[in-house]
Structures are given as structure tokens and as C-alpha cells.
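*Asks:* Can you read through this structure? Questions will come right after.
The values are calculated or read from the model by the stated rules, or taken from the named source; none is laboratory data. Just so it is clear, the model here is predicted, and its values are computed rather than measured. Cβ placement follows ideal geometry from the backbone for every residue including glycine, while neighbour counts extend to all protein chains displayed. To get the accessible areas, we keep the full protein, side chains included, count just its heavy atoms, and leave off ligands, DNA and RNA. Shrake-Rupley method; radii C 1.70, N 1.55, O 1.52, S 1.80 Å.
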Amino acid sequence: MAPLRNTGGAIVAAAISMAAILTYLLQNPRPKYYYSVGKFLSSKKKKSRNGGLIDAIGNTPLIRINSLSEATGCEILAKAEFLNPGGSVKDRVAVKIIEEALDSGELVRGGVVTEGSAGSTAISLATVAPAYGCKCHVVIPDDAAIEKAQILEALGATVERVRPVSITHKDHFVNIARRRAKEAKELALKQTKIDQLDAEDSEKTSNHILQGDQSVFPDDCKGGFFADQFENLANFRAHYEGTGPEIWEQTSGELDAFVAAAGTGGTVAGVSLFLQEKNPKIKSFLVDPPGSGLFNKVTRGVMYTHEEAEGRRLKNPFDTITEGVGINRLTKNFMMAKLDGAFRCTDMEAIEMSR
């Protein structure tokens, strides 16, 4: 794709190192102080959901990147998702996933939310779950930094470290997390049946059903729910109903383009679809790191990257310093995206842009 020129409309800027970057070109120039105060940077206070921690999630400001704005002649803004309590955009996703699960009855207070993640989603779930009276169980590969496990445990989550294997293997950490949720449900069901019997029969049944079982969950577990961040469309909805409307409001709709990288695809999908529905002229672009096939999927319609070529396939095609973005399969969340194009981004470009 040829680079876009500034024709009085939008210029696309890309940076993997931030959750999202927006290009915003004012039709009527305003004094520079306008960009540091007022409605441009913050949206209206959200309606209280349950008070406390949850109300602190979202409604993050747009921060003007002065160096890039002055260099390009347009307004380049970054959505400051690092200001969420858990430190990332995934706090929004964790809230939406848990609230929808509670509303549907798939999760109840006292239940456990499971996920296979060594990144931001795990931290967000561990941060948010206690606010809803739930527990969090995270499964991570044992080659992940020990500090990640320590952070999760400090937040109250239980952490299960397993050997790293292919996603197609039954013991991949994501597949184990899915299995753990099922085990928690079965444990809760067994306990319910036991509670319904009289004391004598309960003891016999307990010895019969639970003898030899080794569960990672306590006997008083109220069930389990697998968050499934890649395929659970609550991820997409968190941004379609939250992040996208915030950006639209904060820019008063005077927005030219939205740019983001994708892992699960929830952010880029939810925001791009919302903005396009508000104004079809707004362009949305993906930025893809080395080893990911999404760039070719968007630009050529084929999920492919040269690292996947015959004879060149690597054990880990994602040989990149970027974390949490890039993937070689289409998720349900990403398929909701409305994109106008994509850009490749090297590690060096990401490093330079971050500084």
C-alpha cells in the first residue's frame, strides 16, 4: 500500500508500542492549548456500574503526541489505556467478559474465571474478578517470566505453570485453562448433589464420587467459566460499546483515521466498526509485527507470512520484541473488524516510535 499524503484530510501514523494511535486533523485550526484541556481529552463521566475499582476502568484520555503532530502537521493522539487500574486496555475486556457471564448465569459469585494467558488479559482478569466476588485461575507456559506469575499471585489469582506445546496439543496452556473451567463446573455440580442428600448418604456419596479426584479448586468452588479472550465476542463488544464511543465523543466526531495492532482482534474490530458506522469516511488501519499473517490477510486476502513458507517454517515465527500482538489465525473477534488497509511494522520502527 502506498503511503497516504496529507491532502488536508488524514495522515496515518502507526506505532505498535501503544494500544492505539489516532490521526485527527482539525478542519478549523485552534490554539494549541485546546489540545491539553477540555472535552477534547476526556469524555463524560460514565454511569456508575458497581462503584470502586470497576468505575475506574475506561474513560481514558487522549494524549497528543507533540513531536509527531508537529512533524506531520496533523493532530496525532494516543488513547492512554495504560491508565486503567490493571495497566492495559484488557481491563475493559475483563469487565465485559465477566459481566456477560454473570448475566447469562454461566458464572456466579464464588465461581472461578479461567484463562490461558501470560500477558495483560491475565492481569486484568486477576484484577477485576474479585470485584465481582469471583476467583481467577490462570494457566501459563513455564517458560514465561517468573515475574508474571508473581504479579498474578500478588493479585490473588492461582497460577498453574505448564510446559509449552503447540496450540493443537491438548495440554497447551489455553486448552488446559478451558479444561479447568469444565472441572470447576463438575466439582460444583457434585457438591450441590452432595448437599442435597442427608448427612449419612452425603458421606457415602462423597467417598464414592470424590475419592481419588485431585482438583486444583477448593470444595466450595461455585463453578467455572473459561474467559476465551480470542473467541469470546464480549471482547469485541467491550470496544464497540466502550472504547469506540469514547474516541468519537472525545474528538467530537472530527476524526480521520484509527490505527491499532491486533492480537485477539477485539480492540481493532470494536473500534473500527463503531467509527465506520458513525462516519464511513473514517479510515481504520492495522499495524502488524514480524511473523504475523494478518497483514497479508487484510491486504491480499490470504492468511500468510514468509516465516510460514515451506522449508523456512520456524518453531516460533513470532521472532519479535513486541508482545501480545500478531497472530497466524483468524479469531471471531478479528473477523468483526472493518479495515481499510494494513501496514507492516519492524521491531526497529516500534522502538524508534516508542521514543
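*Asks:* So which residues in segment 137-150 are under 19 Å from the mean Cα position of the chain (by Cα) and open to solvent by 10 Å² or more (accessible area, probe 1.4 Å), if there are any at all?
*Replies:* P141, A144, K148
Each row is one residue, and each column tells you yes or no for (1) assigned by the TED database to the domain that holds G105; (2) at pLDDT below 95; (3) under 25 Å from V93 (Cα atoms).
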position	(1), (2), (3)
A149	yes, yes, yes
A157	yes, no, yes
I167	yes, yes, yes
T192	yes, yes, no
T205	no, yes, no
K222	yes, yes, yes
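*Asks:* Separate question: Pick from segment 103-118 the residues that are outside any strand (DSSP E or B) and touching a Lys or Arg at 6+ places or on another chain (Cβ under 8 Å): which of them is most open to solvent (accessible area, probe 1.4 Å)? Before the answer, list the steps.
*Replies:* Going residue by residue through segment 103-118, those that are outside any strand (DSSP E or B) are 103-111, 117-118.
Filter again for touching a Lys or Arg at 6+ places or on another chain (Cβ under 8 Å), leaving 108-111, 118.
Values: V108: 64, R109: 165, G110: 17, G111: 0, A118: 27 Å².
The residue in question is R109.
*Asks:* Would you call D91 charged (D, E, K, R) and surrounded by fewer than 20 Cβ atoms within 10 Å (Cβ to Cβ)?
*Replies:* no
*Asks:* Can you tell me which residue in segment 261-298 is farthest from R64 (Cα to Cα), limited to those that are among the aliphatic types (A, V, I, L, M) and open to solvent by 10 Å² or more (accessible area, probe 1.4 Å)?
*Replies:* V298
*Asks:* Which members of segment 294-331 meet the condition of being at pLDDT 85 or above, over 14 Å from T346 (Cα atoms) and among the small types (G, A, S)?
*Replies:* Across segment 294-331, the qualifying residue is only G301.
To keep it simple, each residue is scored yes or no on (1) assigned to a helix (DSSP H, G or I); (2) open to solvent by less than 40 Å² (accessible area, probe 1.4 Å); (3) in contact with a His (Cβ under 8 Å, 6 or more places away or on another chain); (4) at positive phi.
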{"site": "D219", "(1), (2), (3), (4)": "no, no, no, no"}
{"site": "F230", "(1), (2), (3), (4)": "no, no, no, no"}
{"site": "F236", "(1), (2), (3), (4)": "yes, yes, no, no"}
{"site": "E241", "(1), (2), (3), (4)": "yes, no, no, no"}
{"site": "W248", "(1), (2), (3), (4)": "yes, no, no, no"}
{"site": "G253", "(1), (2), (3), (4)": "no, yes, no, yes"}
{"site": "V259", "(1), (2), (3), (4)": "no, yes, no, no"}
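*Asks:* Pick from R92, R109: which is of a type in the set (K, R) and over 24 Å from G324 (Cα atoms)?
*Replies:* R109
*Asks:* If you don't mind, there's one more thing I want to ask. Which condition breaks for G291 when tested against (1) part of a loop (DSSP other than H, G, I, E, B); (2) at pLDDT 95 or above; (3) under 21 Å from T346 (Cα atoms)?
*Replies:* (2)
*Asks:* Go through (1) without any contact (Cβ under 8 Å) to a residue 60 or more places away in the chain; (2) under 15 Å from G86 (Cβ atoms) one by one and return the number of the condition S117 breaks.
*Replies:* Here S117 meets the rest and fails (1).
*Asks:* Any idea which of E81, E153, E75, E100 is out of contact with any Cys (no Cβ under 6 Å at 6 or more places or on another chain), of a type outside the set (V, I, T), farther than 26 Å from A188 by Cα and open to solvent by 10 Å² or more (accessible area, probe 1.4 Å)? Can you show your working first?
*Replies:* Values: E81 fails: open to solvent by 10 Å² or more (accessible area, probe 1.4 Å); E153 fails: farther than 26 Å from A188 by Cα; E100 fails: farther than 26 Å from A188 by Cα.
Step by step, each of E81, E153, E75, E100 is checked, and only E75 is out of contact with any Cys (no Cβ under 6 Å at 6 or more places or on another chain), of a type outside the set (V, I, T), farther than 26 Å from A188 by Cα and open to solvent by 10 Å² or more (accessible area, probe 1.4 Å).
*Asks:* Counting only residues that are of a type outside the set (D, E, K, R) and either modelled with pLDDT of 55 or more or touching a Leu at 6+ places or on another chain (Cβ under 6 Å) (or both), give me the strands (runs of 3 or more DSSP E) lying completely in segment 14-98 with at least 3 of them.
*Replies:* Fully inside segment 14-98 and qualifying: 75-79.
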